[in-house]
Amino acid sequence: MSAQRIVDVPTRTLFGLEFADVATVEPVAERLIERADDRDEHWRCVVTPNVDHLVRYQRNPLEADVAHHAGLVLPDGMPIVWASRLLGRPLTSRLTGTDLFAALWRRLVAGAIPGVVIAPRDEVVDRLSAEHPGVRCVVPPMFDVDDAAALDALIDETTQLCTEADARFLFVGVSMPKHHLIAHHLRRRWSGRYTGTPTVLLLGQAPEFAVGLVRRAPDWMQRSGLEWVWRLADDPRRLARRYLVDDPRFVALLWGEWRRTRPGG
């Protein structure tokens, strides 16, 4: 099944994905809001891959399947933008999940648009609820990705909240790989009855950034592709292997993409 595009924006094909190619997230957020009530029979999911995601997709078919069934893909990583230029398919700009959440959240609050957030901790819920009393939130307990019972319980609770709230958007604010796993199981649970289900956005730490519980890297570090250094310094135990061992494999991925798509290749 090919992905049904959620919004009509220009795209560039890179690494097997159709990346949105616009200057900022604002037109994306505006079009998502415009289509908030247009909930048809298609699965509607937004993913925001960075280098870590692209590397993981090469060895994790479930996560890759989630990305390939997404109706909107944002390039959340400067190395992806730089790679697009090297490959002759230049993306205009990096488009982060954090910026998309902020742009959408402003519109949800202003329009009292119903939504559900899967949040990583109670402090996020408190701050989001203070801004938008109509939002519904769930904080899942700590669970292992192999804990089928815990995952089923979370999918049950999330589905119930979305139905009760008549949610237009479901923000999955937990980290990789859990947000892709949640999306995979939601798509399976909702299969055949997507009408009335919300648009699902896999945005990782975006809600924590938005409410000020986690500091983002300075703008100059984001623009220069050094945000990973900031995050590594902030949480070295969790991120050292990702950034220093796993993510350098992106170089081989880029080489393979160049060989595959070069003229006569």
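Neighbours of Pro10, meaning other residues whose beta-carbon lies under 14 angstrom from its beta-carbon, give a summed charge of +1 when Lys and Arg score +1 and Asp and Glu score -1.
Over segment 78-166, all Cα pairs binned in 5 Å intervals from 0 give whole-percent P(r) values of 3, 12, 16, 17, 14, 11, 11, 10, 6, 0, listed from short to long. The simple spin-label model puts a point 7 Å past each Cα toward its Cβ; for Asp37 and Val109 those points are separated by 2.4 nm. Among Asp166, Asp247, sorting on how many other beta-carbon atoms sit within 10 Å of each Cβ, with the fewest leading, yields Asp166, Asp247.
I'd like the FRET efficiency for Thr13 and Arg59, computed as 1/(1 + (r/R0)^6) with the beta carbon distance as r and R0 of 25 Å, rounded to 0.05. Efficiency at R0 = 25 Å is approximately 0.70. Measuring spread by the Cα atoms of the chain yields a radius of gyration and Dmax of 17.8, 57 Å.
Per the Kirkwood formula applied to alpha carbons, segment 120-262 shows a radius of gyration over Rh ratio, Rg over Rh, of 1.02. A Förster distance of 35 Å, applied to the separation of the beta-carbon atoms of Thr159 and Asp246, puts the FRET efficiency at 0.60.
With only the Cα atoms considered, segment 134-179 has a convex hull volume of 70 Å³ per residue.
A simple count of charges around Leu213, restricted to other residues whose Cβ falls under 14 Å of its Cβ and scoring Lys, Arg +1 and Asp, Glu -1, yields -3. Neighbours of Val200, meaning other residues whose beta-carbon lies under 9 angstrom from its beta-carbon, give a summed charge of +2 when Lys and Arg score +1 and Asp and Glu score -1.
Between Ser175 and Glu131, the contour length at 0.36 nm per residue exceeds the Cα-Cα span by 13.5 nm.
The chymotrypsin sites (Phe, Trp or Tyr not before Pro) of segment 187-260 include none that meets both criteria, a DSSP state outside H, G, I, E and B (loop) and at most 15 other C-beta atoms within 10 angstrom of the site's C-beta.
Rounded to the nearest 20 debye, the dipole magnitude of the chain is 960 debye, with +1 charges on Lys and Arg beta carbons, -1 on Asp and Glu beta carbons, and the Cα centre as origin. Helix-only arithmetic for the chain: the sum of -39500 (n - 2.57) across DSSP H runs with n ≥ 4, divided by the residue total, places the mean residue ellipticity at 222 nm at -13500 deg cm²/dmol. The convex hull built on the alpha-carbon positions of segment 23-90 has an orientation-averaged projected area of 5.5 nm².
Laboratory data are not the source of any read-out in this text; all were calculated from the coordinates shown. Treat the numbers as computed from the prediction; the structure is a model and nothing was measured. Cβ coordinates were reconstructed from backbone atoms using ideal geometry, including for glycine residues, and neighbour counts include every protein chain displayed.
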